[in-house]
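Taken together, the values in this text are just the output of simple stated rules run on the coordinates, not laboratory data. All of these numbers come straight from a predicted model, not from anything done at the bench. So basically every Cβ, Gly included, is an ideal-geometry build from the backbone, and we count neighbours across all protein chains shown.
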Amino acid sequence: MRAPFFRKDLSAEGLLRTARRVFTQIPDVPGNEIPLVDHLMSGLAVFGLKYPSLLQFERDRQETATTRANLKTLYGIERAPSDTRFRERLDVLEPSQLRPLYTRLFGQLQ
């Protein structure tokens with residue numbers, strides 16, 4: 001029997017790595033404590049880890065060592081933003097700035 005074909009770039013780790021690479025190409029405003037890429041990856045983490053709210057995400061991030069370890073290991077997040085800061089930074093982003101990620105992921109799936 002033939003071993004199943006596995007594409008590393010389509011695994012969860014590979015997709016998150018691709019997202020991070022694309023997010024690092026989005027221009028960041030200098031002088032912020034937390035890089036834009038950590039804000040964007042935190043947004044993916046909220047959905048990927050199935051948090052019901054940003055408040056719950058922030059509580060777990062502050063209180064649970066496992067959550068902090070998962071954010072660093074899986075998502076590459078050095079420092080996750082508070083919910084207020086998260087909203088402030090992401091509200092000013094144009095949705096078109098995220099389009100390259102969709103294009104890249106769709107291309108990998110094809």
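Every helix of 4 or more DSSP H residues in the chain counts as -39500 (n - 2.57), and over all residues that averages to -18000 deg cm²/dmol at 222 nm. Expressed as a fraction of 2.2 N^0.38 Å, the value expected for a compact globular protein of N residues, the C-alpha radius of gyration of the chain is 1.16. What GluC sites (Glu not before Pro) in region 1-102 are in a loop by DSSP, with at most 14 other Cβ atoms within 10 Å of the Cβ? Answer in residue order: GLU33, GLU78. Rounded, prolate or oblate: which one fits region 22-70, using the alpha carbon gyration tensor with axes a ≥ b ≥ c (rounded when a/c is under 1.5, else prolate when a/b beats b/c, else oblate)? Verdict is prolate for region 22-70. The residues packed around GLN25, meaning those with a beta-carbon under 12 Å from its beta-carbon, carry a net charge of +3 if Lys and Arg are +1 and Asp and Glu are -1. Summary value for the chain: 35 percent relative contact order, contacts being C-alpha pairs under 8 angstrom separated by 6+ residues. About its Cα centre, the chain has a charge dipole of approximately 560 debye under the convention of +1 per Lys or Arg Cβ and -1 per Asp or Glu Cβ, with nothing else charged. Selection among PRO35, ILE77, TYR102 by position relative to the dipole of the chain gives TYR102 as farthest towards the positive end (Cβ unit charges, Cα centre). Counting Lys +1, Arg +1, Asp -1, Glu -1, what net charge surrounds ALA80 among other residues with beta carbon under 13 Å of its beta carbon? Net local charge, ALA80 excluded: 0.
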